[in-house]
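The values are calculated or read from the model by the stated rules, or taken from the named source; none is laboratory data. All figures in this text were calculated on a predicted structure; none of them were measured in a lab. Every residue, glycine among them, receives a Cβ derived from its backbone with ideal geometry; neighbour counts consider all protein chains shown. Calculation scope for accessible area: heavy atoms of the full protein, side chains included, ligands and nucleic acids excluded. Shrake-Rupley method; radii C 1.70, N 1.55, O 1.52, S 1.80 Å.
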Amino acid sequence: MVKFALLEAAPLAVQQPRANGEAEETDETREKLQIIGVKFLRLARRLGQTPRDNVVAQVLRRFELAERFRRGTGGRAGAFSSDLAKVAEQLDTAGQEPLDFSCTIMVLGKTGVGKSATINSIFDEIKFGTNAFQLETKKVQDVVGTIQGIKLRVIDTPGLSPSSSDRIQNKKILHSVKRFIKKFPPDIVLYLDRLDMPSREWDEMPLLCTITETFGPSIWFNTIVVLTHAASALPEGPNGAAPSYDMFVAQRSHFVQKAIRQAAGSMRLVNPVSLVENHLKGKRNRDGLRVLPNGQAWKPHLLLQSFALKILAEAKCTS
């Protein structure tokens, strides 16, 4: 399974104090980071995730690195994360401290990849109609709801064409999206594609470059790659046999990540990847959540990835 690549970004740097004034400023920064870290752990708890979850562990490691940098090499490893976890548990147990967090997510992708269906799955209800005779959203629209007490706004967008001949139409759509998000700037972008329909690199680049030209390269730095139809039968490999599931996911993920790096002009960029399966008859776990072929519930994982990116952006602005 593809790992969540949060640690590719630069660490949250907190300068070590050199004078009393700087010491006070650093203490204030530490307090702000503590508040943000506790907020993230409370979000994870709402989604049923523990510090042992891969995404949670990587975020905590970022905060731990920042704290150890501030203190030099002193301090017990994991102590800062442990303190954050205790405070988060106490606040949730007391139930008196509201969780001040909301997230705006924009969904982009080609026609027919399942943008509206994914939004419906996230809210676990029909927000946007989808059927075999109307495969695409015609206009930019948004929906607001709450999931486990967390306020979420999701912006759905019309499907884009991978063909270079449709570049003008794609630009019209993207400019309408750009006008819409002036009112609701997204914290996170989900770029959707299908896992079961691999394409060639030169097929992807015209569309990715048009997105970059419209929004600027920075759009990709808070983007999660979402591969839908994750439980579909995989295409045959060169030898006529289907590859292993994990190998195919890794190859497909690497392909999309590489194409985005080229479009963004940043070879260090590694976008997180999440898998999604929206089929109504797909497998669910005992809690009623849709699961991937490996048994993982994808919805809390995708939401946690989204919230983690926003939390890390907040922390980076603080440090």
Residue count for region 82-129, restricted to those that are part of a loop (DSSP other than H, G, I, E, B) and more than 23 Å from Ala313 (Cβ to Cβ): 12
Residue selected from region 86-119 under the condition touching a helix residue (DSSP H, G or I) at 6+ places or on another chain (Cβ under 6 Å) and small (Gly, Ala, Ser), by the criterion nearest to Glu277 (Cα to Cα): Gly109
Residues (hydrophobic (A, V, I, L, M, F, W, C), more than 24 Å from Gly149 (Cα to Cα) and in a loop (DSSP other than H, G, I, E, B)) located in region 273-301: Leu280, Leu292
Contacts under 6 angstrom Cβ, first residue in region 267-291 being within 16 Å of Leu304 (Cβ to Cβ), partner β-branched (Val, Ile, Thr) and not in a strand (DSSP E or B), 6 or more apart: Asn271/Ile260; Val273/Val2; Val276/Thr118
Residue in region 131-141 that is at pLDDT 90 or above and either open to solvent by less than 20 Å² (accessible area, probe 1.4 Å) or farther than 28 Å from Ser218 by Cβ (or both) present: no
Unmet requirement for Leu275, which otherwise passes all of (1) farther than 26 Å from Cys103 by Cα; (2) open to solvent by less than 20 Å² (accessible area, probe 1.4 Å); (3) not aromatic (Phe, Trp, Tyr): (1)
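Conditions (1) surrounded by 15 or more Cβ atoms within 10 Å (Cβ to Cβ); (2) within 20 Å of Pro293 (Cα to Cα), marked per residue:
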{"site": "Phe184", "(1), (2)": "no, no"}
{"site": "Thr212", "(1), (2)": "yes, no"}
{"site": "Thr223", "(1), (2)": "yes, no"}
{"site": "Ala231", "(1), (2)": "yes, yes"}
{"site": "Tyr245", "(1), (2)": "yes, yes"}
{"site": "Ala250", "(1), (2)": "yes, yes"}
{"site": "Gln257", "(1), (2)": "yes, no"}
{"site": "Arg261", "(1), (2)": "yes, no"}
{"site": "Asn271", "(1), (2)": "yes, no"}
